[in-house]
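Quick note: the coordinates plus some simple rules give every number you see, no bench work behind them. For clarity, every value in this text was computed on a predicted model and none was experimentally measured. Cβ placement follows ideal geometry from the backbone for every residue including glycine, while neighbour counts extend to all protein chains displayed.
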Amino acid sequence: MFIQTESTPNPATLKFLPGQTVLEMGTADFPSAESAGSSPLAERIFAVSGVTGVFFGNDFVTVTKADAVEWDHIKPAILGAVMEHFQSGKPVMLDGSAAQSSGHAEHTGEDGQIVDQIKELLDSRVRPAVAQDGGDITFHGFDRGVVYLHMQGACAGCPSSTLTLKMGIENLLRHYIPEVTEVRPVAV
C-alpha cells in the first residue's frame, strides 16, 4: 500500500491519500481525540503524539498537528497508523456512526428556497474545491442575509480561511443570490 501526502493551505494540516475509499459518502470531523470514539481509524491516528485533529473525506484523511510539533517527527507514525488500519480490515467508522450524507444543517421556515440555492452552490462550486485542499465547508444557518458556514478539516484554523470566506465564497453567493449580504464562519 502506497499512501501519498499533499500539503494544504493550512501549514498545521497535511492531507493523506491512501489510494482507496475512506468514506463512501459525506465527511467526518474529529476535532479532538475524545470525539474519535466512533472511528477506529481516527482513534489510531490520535494515538500519535502531537495530533490535534482528524478529518475524513471520500478518498482522503486530513490530519492537524499541534504547533509545537514538526511534520518530520510525526508524519512517519501517521503513515504507519493509516497503513495498519487499512491492512487490518477494520471499518473506518463503526456501524451506525456513518457520516451525514450532505453535512449541511437543516433549515426550516421561511427562506427555504434561498437556503436550497445556497446549499446547491456550496455542493457544486465550493465543496469540491475545498476538498482538494483537505477540508470541507458546510451550511450552518441563514439569518437576515447572513450565511453561517462551518469549516472543517484543513479549513478549520487555516490562515487563509477568512480570505476564502470573504473574497471567494461570499462573492460567489452574493453574485448568484442577491439576498445574501455576508458570510460568517461558525465553530460547532
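Annotations
- By the count of neighbouring beta-carbon atoms within 10 Å, fewest first, VAL180, VAL147, VAL186 end up ordered VAL186, VAL180, VAL147.
- In plain terms, the residue of GLU110, GLU182 with the fewest other Cβ atoms within 10 Å comes first and the most crowded comes last, giving GLU110, GLU182.
- The chain: angle of helix 71-88 to the longest principal axis, Cα-based, in degrees nearest 10: 80 degrees
- Degrees, to the nearest 10: 112-121 long Cα axis against longest axis of the chain: 50 degrees
- Computed over segment 112-186, Kirkwood Rh from alpha-carbon pairs, angstrom: 12.1 Å
- If you wrap segment 58-142 in the convex hull of its Cα atoms and look at it from every side, the mean projected area works out to 8.0 nm².
- Dividing the Cα radius of gyration of segment 1-70 by 2.2 N^0.38 Å, with N the residue count, gives 1.04.
- Value of D in µm² per second that Stokes-Einstein yields for the chain, Kirkwood Rh from Cα pairs, at 20 °C (1.002 mPa s): 125 µm²/s
- Stretch gain in nm, segment GLN4-SER35, where the contour uses 0.36 nm per residue and the Cα spacing is subtracted: 8.6 nm
- Relative contact order for the chain, counting Cα pairs under 8 Å that sit 6 or more residues apart, in percent: 22 percent
- In the chain, the calculated helix contribution to ellipticity at 222 nm averages -7000 deg cm²/dmol per residue, counting -39,500 (n - 2.57) for every DSSP H run with n ≥ 4.
- Of the residues LYS15, LYS75, the one with the fewest other Cβ atoms within 10 Å heads the list, and the complete ranking is LYS75, LYS15.
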